[in-house]
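Written out below as structure tokens is the structure these notes cover.
Bear in mind that the values in this text are calculations on the coordinates, not laboratory data. Please read these numbers as outputs of a predicted model, since none were measured by experiment. Don't worry about glycine lacking a Cβ; one is built from the backbone with ideal geometry, like all the others, and counts go over all protein chains shown.
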Amino acid sequence: MPTTVCTAKASCKKLPGLLELTDTHLQWTQDGKKVPSIRVPYADAASLFCSKEGAPQVKLKLSLVGDSTGHNFTFISDKPVALVDCEKFKQELTTIISRNKSVPLPLSRTPAPPINASTLPISVSSTPSASTPRPAQTPSRTSVSRAPSVSGDRRSTPVITGNDPASDFRLRKKVLMSNPELGALHKELVMTGQITEAEFWDGREHLILAQAASEGQKKGKPGQLVDPRPEAVEGGEIKIRITPQLVHDIFDEYPIVAKAYSENVPNKLSEEHFWKRYFQSKLFNAHRASIRSSAAQHVVKDDPIFDKYLERDDDELEPRRPRNEQVEAFVDLAATLEDHDDTGNEKDVTMRAGRQKAALPLIRKFNEHSERLLNSALGEIPPAKRRRLDPGEDAYSQIDIDDLHDPEASAGIVLEMQDRQRYFEGRMSNVKQDSSEPRLDPSVLLEETRSGLANWESRLSQLKIERKPGDSALLAMTQNVANRLDVKSKKSEIPDGLFRQMTSCQTAANEFLRQFWLATYPPAGDIPTVALATPAQRAAKAAKMISYISKTPEKVHALVQVAQQHGIDPNRVETAMKPVLQACERALTFHKNKKPTKP
Amino acid sequence: MKFYIDNLPIIFPYDRIYPEQYAYMCDLKRTLDATGHCVLEMPSGTGKTVSLLSLIVSYQQYFPTKRKLIYCSRTVPEIEKALTELKRLMEYRIECAETEEEKEKERNFTGLGLTSRKNLCINPEVAKEKKGKVVDARCRDLTNSAACEKGRANPGLVPLCDWHENLGKMEPGHLMPPGIWTLADVLQYGREKTICPYFAVRRMMPFVDVIIYSFHYLLDPKVAEQVSKEMSKDAIVVFDEAHNIDNVCIESLSIDLTRPMLDAAGRSVTKLSEKIEEIKTTDVAKLQDEYAKLVEGLQENISDENDTDAFMGNPVLPNDLLNEAIPGNIRKAEHFVAFLKRFVEYIKTRMRVLHVVAETPLSFLQHLKDITYIERRPLRFCAERLQSLIRTLELSRLDEYSSLQKVASFATLVATYEKGFLLILEPFETDNATVPNPVFHFTCLDPSLAIKPVFERFSSVVITSGTISPLDMYPKMLQFTPVVQETYAMTLTRNAFLPLVITRGSDQVAISSRFEVRNDPAVVRNFGSILIEYSKIVPDGIVAFFPSYLYMESIVAAWNDMGILNEVWKHKLIFVETPDANETSIALENYRRACDNGRGAVLLSVARGKVSEGIDFDHNYGRAVIMFGVPYQYTESRILKARLEYLRDAYRIRESEFLGFDAMRNAAQCVGRVLRGKTDWGLMIFADKRFARADKRAKLPRWINQYITETAANLSTDMAITLSKLFMRTISQNPNENQTGVSLWTLEDIEKAQAKQREVALHAEKEPQPDADEYGDGGFSDSALMDFDLDV
């Protein structure tokens, strides 16, 4: 098992247990159980909350990426111990989280909104709280930290790592940090100088490529509606925290606010005042994505400045801004509506669209918001042009049933070859030769078959299946099942330290083996790597690796002895390490046999 | 591929065929041979339209009689799709034809689609109008024979439509080259040649082999009279997507009058009388001429001769038209106007009543006679007489008279029909409304009335859809005897779709859209969590249907306030159906973009709504369809109540049976749109505890019902999610197993099936033989051994 960074007694969901921080995971094991019931990989930790000092209980909350509820732990040791424990976890986790956060940075945060960042954030409440705003990764920082080679154009062309040492180094670092197990291996082998950096990465280029690709990927806008929800503060006051991102989103979502901003700030209103009044205005309430806001209408004050910008509610049957673009024929609903005079009785109350007037602006907002998000990602092209640009979507393809086509019926590619004439002539002559062979006489064949089939009934009745092989097969299967059951029911009792040593021995040996075989049989791929090295270099490397590999049996032996000291059956350790030893053996013999041929 | 059914050569535009398509074509052929009617239910997405067209076109081209095909569909997108399908089929047939002579025969095969002026007009002045009625009226002003006569005699005096004029110069029957023309093609051709697409199609109709238009053009007597009169009796009529055909039938004979309509009608009457006074001073001869004609009973039907003049069809079915002279008391123009005025005033008075009235047409007529002395006979001629008057006065902008036309139609209908109709006056929109907003419904209760002329006139009528279960309901409601009545199962080598019935949330609270509980926060939240969970796990598009607009609009608002939609936004974009059709189309287009792009989206819409008909959600456009609640009709509706009562009394169809049938056909219709082809896949989620009941499920089409397993029929949300994940993991694998021979037939498979069929037929004649070659020994099968899980 991996090393434990720190441990503490803590309860989760009111069940006592042990909280551990290993070098890869945060895990919690309920008392009396062997297997941790909660196991959070480092990469999943998103944010951390701690109870305040002096709180009756010392608590820690960890929320995860994609799951904000996360896990709650309460330290259940005596108060002073608990506090120390908590502090320890806090420190460790904070570094992990900050590392996590710095990895997947959104590439294109649009430039900061046109406001002086220093004046922000303002809390719109009469009690300016001391809480510092989230210093969300500001755009400037992102762009600085990114080497120019990674951005933009890097996406389209395949990245050849090693062109730019600086960015290459940075990428490697990120890969190692996001993958603790690989990091450990790197630490053990490269930092100790057993193998070089280049050797280590040789054959692992795909990791760096993937990292570069994921960084180069443009992250779209998040889908949620801009809906600044006020937080309640004691004293019945509400507070809305403004970040540059929020301001930008508001301007983007509601151009009318941007207009109001440019017309009023800073001449008529100060920045702070502007937002304060906006969040109290009818305009803001109209923008809130809620139908309850209409109930809050009377709470909201009249505001001479903002009320000017109020628009009529978009709750008529026809939209406020009629859209006249032509839609594709296969989804044109209006055409059906106009296909014939409306006949019949009107629809019953429940089937008349748009009767819930309050919901209509909301529904329209959803459609507009979705369209805006789509356009921000795909570019705003008028639909008619879009259809022209997209030749794949012709009318036939939309009605086609593709599995009714014969997949083999395609025309195929004509094979171009030299001297086709001669080839066929040659074949023709072959055929002629074949035909000159003695022909088979069907009557003779029939006779032979018939004689072969004579007495089949009696022979069949004589057929006896030996009992023994069947029994033994069944026995073997039963044995197999029993063995598996046996293995599963046995618990691993190898102590942590030893287990870790075994793992590290095994991974190191694997790495050496990998390097060795790589040097012996350079990959035929087109990745420019050590493959370019001269045969002499490769031989040298192979020799070096062999020297490491040859030490492996000693190490294993040492491990077996340690196991004996711990009072564990050494056979088990041996069995576990056997595949590694065999692999080493094979490499060594291969190397030995190969030696004499090469001078 | 080309194969034979009996001796008929069939050209099918694919290399393979589904067994159900083959069976469908065989049954269709039987119907055509027997010149009878049929009801066929074919699983959605298995290429119903292409099989249908392929067989019928083969039939038309093989036999010298050349029966015309009238193909009716529900919506314009479906019409356009059918036309595209036909176009591709003909291209394939031309390719397959062996001799030049045959190729020429295929090239001369002509097919057209018809829709309204609004959809086909390319005169920029007229086409910019938003309302179809206005387009119609303005078009008539530019194209009617009187205007044309004047304009041609004196160029520049009256504005005419160039596109229509150019058409007039062409040779009738050759307005368009032979071939298949989709609506888009016709528009394009019209623009290139500067001819009017609408009239080009109308005037080409007698010469084409296939005409595709909507149900209304055949069922609504007002339109059918103008458009479909000349169709020959041996034509093959197909109603595709016919699961709602009874509603179209009922709609085409029902009419509503409201207060604003009566006010507008009153104003039109005043205008008419002013116009008459004016004509009296300028051109008395005209009125006298009309009167003389009416006396002689010579009200010739102008629409027979000139399609540009017809503006208002008689709302009565052809059999019920009276072939006699218009009664004397409304022959004089001013008498007729006074008559109309009295009638409008009478209805206005009736509308002042503040309680609900339901009465038969007979009792209405009796009361009318008692109060106003208006007799039934002149009332029957109301629509016809108004038509004649408007034509005589040469009125323009007829859209302004539309309310009056409606009142006249109402008068004619109410005076013509006694049985199967009801008048309902509702003074308030809802039960708890306080401001009266009266509506006078004249409602048809019997769907068989409107379709009767079609069955009588045409020898072969095909009623088909993906969801038309239970099959015997339709012959019962529409009063006809089918010669073939068939439903086809879906043959699948792997389950391409997974129907799941979710009856309770993860918290075990039962979910239902039943009126009493539908707004219960627990139910709303559980519905919401279904959407959240599915938006997390399903790739690309999810479509969710609600039982009504009212419910969708209120639940969307509630979900937003509960923060449920915020969760959905994290995974998918959200699009919602709105009251405006064009706005919804744009949302739909964006929804499809989001699905293509991989962002993924959720579309919230309404069963029986605009989106639920005619839009396909195949492949990535719909990986899951969620049906929130059972789409029952609003049972408090008085019209529905009257209809249920009528069905019970006249056809012995129980109320609950009809309601259940109606709800399930709509649910199946929504859910059935996820598939096209057998490699496509999708989830079908029925979220309501009532779907678990056996009687409900029995009303689903067999091809869906057969795949609902016992375990999948009663799930909680978390169980359903687990099953769905499992399904998606398996279905996303490469379908490498060979479907051919089982769910996909090659030509050899067809021949094998046909040989087998012949054998069976032969066999049936001989004595039955015992199955000799059966190897049953009762041992374990191979698959049972393979499934044995060693991993303990």
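Numbers at a glance
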item: Cα centroid separation, region B:562-584 to region A:544-599 (Å); result: 62
item: For region B:515-532 and region B:626-701, distance of Cα centres in Å; result: 20
item: Residue B:65-residue B:455 FRET efficiency (beta carbon distance; Förster radius 22 Å; 0.05 resolution); result: 0.60
item: Added length on full extension, which subtracts the Cα-Cα distance from 0.36 nm per residue, residue A:301 to residue A:540; result: 77.8 nm
item: Computed FRET value (nearest 0.05) for residue A:323 with residue B:747, which takes r as the C-beta separation and R₀ as 41 Å; result: 0.25
item: Helix B:361-372 axis, angle to chain B major axis (alpha carbon atoms, nearest 10°); result: 20
item: Per-residue mean of C-beta atoms belonging to partner chains within 10 Å, peptide B:79-89; result: 3
item: Loop sites in region B:175-243: trypsin sites (Lys or Arg not before Pro), DSSP, at most 14 other Cβ within 10 Å; result: B:229, B:233
item: Coordinate range along principal axes, alpha carbons of the protein assembly as shown, Å, largest first; result: 126, 110, 63
item: Shape of region B:1-132, Cα gyration tensor, a/c cut at 1.5; result: prolate
item: About the Cα centre, charge dipole magnitude for the protein assembly as shown (Lys/Arg +1, Asp/Glu -1 at Cβ), debye; result: 4840
item: Per-residue HN-Hα couplings for region B:561-577 [Karplus 6.51, -1.76, 1.60; θ = phi - 60°; Hz; x = Gly/Pro]; result: 6, 7, x, 5, 5, 4, 5, 5, 4, 5, 10, 9, 7, 10, 10, 10, 5
item: Trypsin sites (Lys or Arg not before Pro) lying in DSSP loop within region B:378-416, provided at most 15 other Cβ fall within 10 Å; result: B:397
item: For chain B, average projected area of the Cα convex hull in nm²; result: 40.6
item: Whole-Hz ³J(HN,Hα) from phi, Karplus 6.51 cos²θ - 1.76 cosθ + 1.60, for region B:102-117, glycine and proline x; result: 5, 4, 5, 4, 5, 5, 7, 6, 10, x, 9, x, 10, 9, 6, 4
item: Rounded tilt (10° steps) of B:717-731 against the dominant C-alpha axis of chain B; result: 80
item: Counting all C-alpha pairs of region B:569-617, share separated by more than 15 Å (%); result: 41
item: Residue mean of other protein chain beta carbons inside 10 Å, A:317-329; result: 5
item: Of A:221/B:678; B:222/B:699; B:696/B:756; B:222/B:476, those spanning more than 28 Å from alpha-carbon to alpha-carbon; result: A:221/B:678; B:222/B:699; B:696/B:756
item: Efficiency of FRET from Cβ geometry, residue B:650 and residue B:354, R₀ 41 Å, rounded to 0.05; result: 0.80
item: Whole-Å distance, taken between Cα centres, linking region B:92-140 and region A:257-274; result: 57
item: Residues with amide H under 5 Å from that of residue B:238, placed H, sequence gap 5 or more; result: B:70, B:71, B:72, B:462
item: Per residue convex hull volume, Cα atoms of region A:1-101, in Å³; result: 95
item: Other protein chain Cβ atoms within 10 Å, averaged over every residue that makes up B:23-34; result: 0
item: Where Cα atoms sit under 30 Å apart: lysine pairs in region B:224-301 separated by 8 or more or lying on different chains; result: 8
item: Virtual spin-label span in nm between residue B:370 and residue B:338, 7 Å along Cα→Cβ; result: 2.5
item: HN-Hα J in Hz across region A:88-93 - Karplus 6.51, -1.76, 1.60, θ = phi - 60°, x for Gly and Pro; result: 4, 4, 4, 4, 4, 5
item: Convex hull of region B:631-759 built on C-alpha atoms - directionally averaged projected area, nm²; result: 12.2
item: Degrees between helix B:382-393 axis and first principal axis of chain B (Cα, 0 to 90, nearest 10); result: 60
item: Cα-based Kirkwood hydrodynamic radius, region B:476-548, one decimal, Å; result: 16.1
item: Per-selection metrics, region B:171-224 (Cα): Rg and Dmax in Å; result: 11.9, 34
item: Residue B:606 long-range amide H proximity, modeled H, under 5 Å; result: B:546, B:611, B:612
item: Shape category assigned to region B:519-639 from the gyration tensor of Cα positions, a/c cut at 1.5; result: oblate
item: Shape call, region A:317-374: gyration tensor on alpha carbons, a/c limit 1.5; result: oblate
item: Distant-in-sequence amide H partners of residue B:214 (H built 1.01 Å from N, under 5 Å); result: B:73
item: Additional length obtainable on full extension of the chain from residue A:259 to residue A:31, 0.36 nm per residue less Cα span; result: 76.0 nm
item: Contour excess over end-to-end distance, with Cα ends at residue B:634 and residue B:418 and 0.36 nm allotted per residue; result: 75.1 nm
item: Per-residue [θ]222 nm for the protein assembly as shown (sum of -39500 (n - 2.57) over DSSP H runs n ≥ 4, rounded to 500); result: -15000 deg cm²/dmol
item: Cross-link pairs A:551/A:592; A:276/A:365; B:103/B:193; B:419/B:610; A:9/A:90; A:259/A:282 - those with Cα-Cα distance over 20 Å; result: A:276/A:365; B:103/B:193; B:419/B:610
